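Structure first, commentary second.
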Amino acid sequence: MNSLKTSKYYSEIITELNYPFGDYYLFDGFIVAEIEEGIIYTWENQGEMITTEIANLYDNNGGKLIYITNRINTYSVKPADWIRFYKMKYNLLGYAIVSYSEKGWKNAILEKIFTKNKIERFNSLDNAIEWAKEKISKESA
């Protein structure tokens, strides 16, 4: 379980957003999120604010962005809040979960029910980032 801060990709970050509930690393075309231990992630408490800020920074509704959640910590997501994300006219080019345990992946299955995007699963952050770069490259070709 490696944090992005200790990865070879850390030098490629365009902007780093740090909040009490987690860190967001913004790259060209994708975001890596690392949420803090024990957080209950909801639209009201975190999602709406961070989504609005990121949409403003990238100047789009997310349709050209890939979101990677690097689950190095244990936290909960209110899965039904994905509906609110889409109702606000936000979208994603891709969504990836980096999970280091079967339990982590099983918890993400509920999220899958509520997302419009196919969830890509990875066991390493490196693989998820390479997938995102390849997907972005194909979209811009």
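The values are calculated or read from the model by the stated rules, or taken from the named source; none is laboratory data. A quick note: this is a predicted structure, and the numbers were derived from the prediction, not measured. As a convention, Cβ positions derive from the backbone with ideal geometry for all residues, glycine included, and neighbour counts pool all protein chains shown. Surface accessibility is based on the protein's heavy atoms, side chains included, excluding ligands, DNA and RNA. Shrake-Rupley method; radii C 1.70, N 1.55, O 1.52, S 1.80 Å.
A single entry from ILE39, ILE50, ILE31, ILE13 fulfils the requirement of being open to solvent by less than 40 Å² (accessible area, probe 1.4 Å), more than 24 Å from TRP131 (Cα to Cα), of a type outside the set (Gly, Ala, Ser) and free of Cβ contacts under 8 Å to residues at least 40 places away in the same chain: ILE39. Residues that are among the hydrophobic types (A, V, I, L, M, F, W, C), in contact with a Leu (Cβ under 6 Å, 6 or more places away or on another chain) and open to solvent by 30 Å² or more (accessible area, probe 1.4 Å) within region 59-81 are absent altogether.
Looking across ASP81, ASP59, one residue alone is of a type in the set (Asp, Glu) and at negative phi. It is ASP81. Reported count of residues in region 117-140, each being over 14 Å from the mean Cα position of the chain (by Cα) and of a type in the set (A, V, I, L, M, F, W, C), is 1.
Kindly indicate whether any position in region 7-14 is touching a helix residue (DSSP H, G or I) at 6+ places or on another chain (Cβ under 7 Å) and in a loop (DSSP other than H, G, I, E, B). Yes: region 7-14 contains one or more residues that are touching a helix residue (DSSP H, G or I) at 6+ places or on another chain (Cβ under 7 Å) and in a loop (DSSP other than H, G, I, E, B).
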